[in-house]
């Protein structure tokens, strides 16, 4: 017999799939239960800014082991000839990058207008371009004082951590997050077998869209993944967490910057409360040229929702509504503080 929980997930997948071209997969957890509906579970998608959850967890893992410090200045991880911008004498720390409180602009200096409106707008964003652009970057606010969403900040964090540990971003995420959790399909670069499982992206009107390559900005949105892999990450978040990651996950929860009365920014997450109750959820959305994504967890209720969509039709409202229904709280919260502008994505 199909459970009410499974039926909620199935209906969400059917509603999303009926309105568009492009594959969609919806997965959910509630306690020890799980449900998954839509396209083949092995289908890969670009996950856009959900990547930032991985970047932040890698930072937390390295912090727990003493490789870096959460409040260590970014300048410590940069080449000696690259100055990190400051304001009012305040240096950017790694925590500022993870929580979007660095004051950095949304995009790297030098990227506009050359690449923004190309079909693959970030492909030319090399590490040299990002680091050289820091010489000419002026902070929009004093680090640590204001939430300003920055793909540049998240990309710099991923780049700096990878270089500091003598590897690249893809290998960093594999070592710090994916292998400890047994996630086999989450990576930046896809081999031929996984490329064959990548869903083709589509615009809101159903036109095919080419894949994006985030280059050195990969820490902001360069990962591909599947719903089963992201449900594995979600299960670690709702607990009990694997021993190897438990302290790092706890660190991402206790580090926070208040955005407004309803929301706060954590490394890799935005937290908010569902209406008509005190249920706190953590979530992140993502979007690239032909994809949209959502990862949302309710730790106190041991529930989670993942949606991956090979279309630019939004999934945050259907996904948050599904999570609210799963935990019995009615409609979900309004859109979070992180919109995904069509032109810039991630």
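The table below lists the values:
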read-out	value
Rough spin-label spacing in nm, given labels placed 7 Å along Cα→Cβ, for residue 205 and residue 193	4.0 nm
The chain: relative contact order in percent, alpha carbon pairs under 8 Å with at least 6 residues between	25 percent
Cα pair count fraction exceeding 15 Å, expressed as % - the range 1-110	76 percent
Radius ratio Rg over Rh of the chain, counting only Cα atoms, Kirkwood formula for Rh	0.95
Burial order of peptide ranges 38-50, 222-234 (average beta-carbon count within 10 Å, highest first)	222-234, 38-50
Gain on full stretching of the segment that runs from residue 21 to residue 40 - 0.36 nm per residue minus C-alpha separation	5.3 nm
Between 0 and 90°, nearest 10: helix 51-64 axis offset from the chain longest Cα axis	60 degrees
Residue-span extension gain [residue 175 to residue 280] - 0.36 nm each, minus C-alpha spacing	34.8 nm
Centroid-to-centroid separation of the range 1-24 and the range 35-102 [C-alpha atoms, Å]	33 Å
Angstrom value of the Kirkwood radius, inverse mean 1/r, which spans all Cα pairs in the range 201-247	13.5 Å
Descending semi-axes in Å of the range 140-181, equivalent ellipsoid built from Cα gyration tensor	26, 12, 8
Acute angle (nearest 10 degrees) that the helix 243-254 long axis makes with the longest principal axis of the chain, alpha-carbon atoms	80 degrees
Inter-part distance where the range 227-249 and the range 260-299 are each reduced to a Cα centre, Å	16 Å
Residue 118 paired with residue 67, simple spin-label distance in nm, labels 7 Å along Cα-to-beta-carbon	3.1 nm
Highest-first arrangement of 88-95, 100-107, where packing means the average Cβ count within 10 Å	100-107, 88-95
Relative intensity, log₁₀ I(q)/I(0), of the range 246-331 from a Debye sum that treats every alpha carbon as a point, q = 0.23, 0.25 Å⁻¹	-1.17, -1.26
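Coordinate-derived values only; no laboratory data. Note that the coordinates shown come from a computational prediction; the quantities given were computed from them, not determined experimentally. All Cβ positions, glycine included, derive from the backbone under ideal geometry; neighbour counts span all protein chains shown.
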